[in-house]
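One structure below.
The numbers here are math on the coordinates, done by the rules we state, and not lab data. Just so we're clear, the structure is a prediction, and the values are computed from it rather than from any experiment. Counting neighbours? That spans all protein chains shown, and the Cβs are built from the backbone with ideal geometry, glycine included.
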Amino acid sequence: MRILDQTKALFIVGAICLGALVTTPLATNAASVGDDGLHKQTWMRDTFKDLREDLEEATAEGKRLMVMIEQRGCIYCKKMHEEIYPIPEISNFIEENFFVVQINMFGDVEVTDFDGTTMSEKDIVKKWGVLFTPTVMFFGETAPESKPANQLVVAQMPGAFGKMTTEDMLRWVVEKGYAGEESFQKYHARMIASRKK
């Protein structure tokens, strides 16, 4: 009798676990982690990290250059890659509209800035004054070669944000909101209000 009760209990526990597995939504665009310890998305580009060439290629594809500065072990980077970027609307929008280059805040890979300066990832991040990860830098369609990236950025997203803020920032950049009178904060507030209707 006791063996029968244990068998029933194991069966019930197994059924519950299987049910939980089947009903748990799986992220369709979940990121993997690379050898450098950074999360990798399918829409990230593996380039020579010459920002002038990356901008040229992005513009030729009709996309905007987006530079993501991240570091190994960053809990906020992990949040973005596991909870926000896998959302199909966001992942698809990034893939369709952005040319994404990832920079390791403490990396040694050489990066060539818009002003022609070449230095390691960690040194260029210091030069730009970036202190937090993730930091996402967005650029216009052209960039004078006499200025560094931190002087050419049209929008910057420091830290981890939720779905709506991230989506609105991406749209604001694509719509060139930075060139108009409406700040991102006002644009975001307007988008929140329009979603409530």
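This table checks each residue for (1) in contact with an Asp or Glu (Cβ under 8 Å, 6 or more places away or on another chain); (2) surrounded by 19 or more Cβ atoms within 10 Å (Cβ to Cβ); (3) without any contact (Cβ under 8 Å) to a residue 12 or more places away in the chain.
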position: 40; (1), (2), (3): no, no, no
position: 43; (1), (2), (3): yes, no, no
position: 52; (1), (2), (3): yes, no, no
position: 56; (1), (2), (3): no, no, yes
position: 60; (1), (2), (3): no, no, yes
position: 66; (1), (2), (3): no, yes, no
position: 69; (1), (2), (3): no, yes, no
position: 72; (1), (2), (3): yes, no, no
position: 76; (1), (2), (3): no, no, no
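Being touching a strand residue (DSSP E or B) at 6+ places or on another chain (Cβ under 7 Å), surrounded by 15 or more Cβ atoms within 10 Å (Cβ to Cβ), over 21 Å from residue 81 (Cα atoms) and of a type outside the set (Asp, Glu) is a property that residue 149 has.
Considering only residues in region 96-115 that are in contact (Cβ under 8 Å) with a residue 60 or more places away in the chain and surrounded by fewer than 21 Cβ atoms within 10 Å (Cβ to Cβ), the one that is nearest to the chain's Cα centre (by Cα) turns out to be 97. All of (1) charged (D, E, K, R); (2) touching a strand residue (DSSP E or B) at 6+ places or on another chain (Cβ under 8 Å); (3) farther than 16 Å from residue 58 by Cα hold for residue 141 with one exception: (3).
The condition (being more than 19 Å from the chain's Cα centre (by Cα), among the hydrophobic types (A, V, I, L, M, F, W, C), within 22 Å of residue 57 (Cβ to Cβ) and surrounded by fewer than 17 Cβ atoms within 10 Å (Cβ to Cβ)) is satisfied by just one residue among 119, 191: 119.
Taken over region 178-192, the criterion of being assigned to a helix (DSSP H, G or I) and farther than 25 Å from residue 131 by Cβ is satisfied by 179, 186, 187, 189, 190, 191, 192.
When you scan region 50-67, do you find a residue that is out of contact with any His (no Cβ under 6 Å at 6 or more places or on another chain) and closer than 17 Å to residue 37 by Cβ, even just one? No, region 50-67 contains no residue that is out of contact with any His (no Cβ under 6 Å at 6 or more places or on another chain) and closer than 17 Å to residue 37 by Cβ. Among the residues that make up region 122-139, is at least one of them part of a helix (DSSP H, G or I), of a type in the set (Asp, Glu) and out of contact with any Leu (no Cβ under 7 Å at 6 or more places or on another chain)? Yes; the residues of region 122-139 include at least one that is part of a helix (DSSP H, G or I), of a type in the set (Asp, Glu) and out of contact with any Leu (no Cβ under 7 Å at 6 or more places or on another chain).
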